[in-house]
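Visitor: Below you will find the structure I want to go over with you.
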Amino acid sequence: MSLVPDILLTGAGAFILVSLVIVFRVVRGPTMQDRVIAVNAIGTNIVVVLALVAAATGNRAALDIAIVYALLNFLMSIAISKFTVERGGVL
């Protein structure tokens, strides 16, 4: 058994821990833009974790899920930003 999958999965765990630290900014962000950026950062970390899991296990379906999640994360950021601008929340 190779050590590469174990190292990749350990890296995925580290990204999850970084995401948990960013959750503080989502909850306590002073502005809506801070919260959008924090949620986008968490989504990006999830995409990286899914890609690492796909590489470690050789499961191509996990990589497809990572690509779809990245697209949804991008669309969510655009939608929330547009909503914020239309409501006058941007200074």
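Visitor: Let me check the size of the chain from its C-alpha atoms; what are the radius of gyration and Dmax in Å?
Guide: 15.8, 56
Visitor: Of the peptides 17-26, 65-74, 47-56, 31-40, how do they stack up when ordered by the mean number of other Cβ atoms within 10 Å, highest first?
Guide: 47-56, 31-40, 65-74, 17-26
Visitor: Quick check: pseudo-label points 7 Å beyond the Cα along Cα→Cβ at residue 24 and residue 67, how many nm apart are they?
Guide: Roughly 3.7 nm, to one decimal.
Since every read-out is calculated from the coordinates, none of them should be taken as a lab result. Model, not experiment: these values are computed from the prediction. Note: ideal-geometry Cβ built from the backbone for every residue, glycine included; neighbour counts use all protein chains shown.
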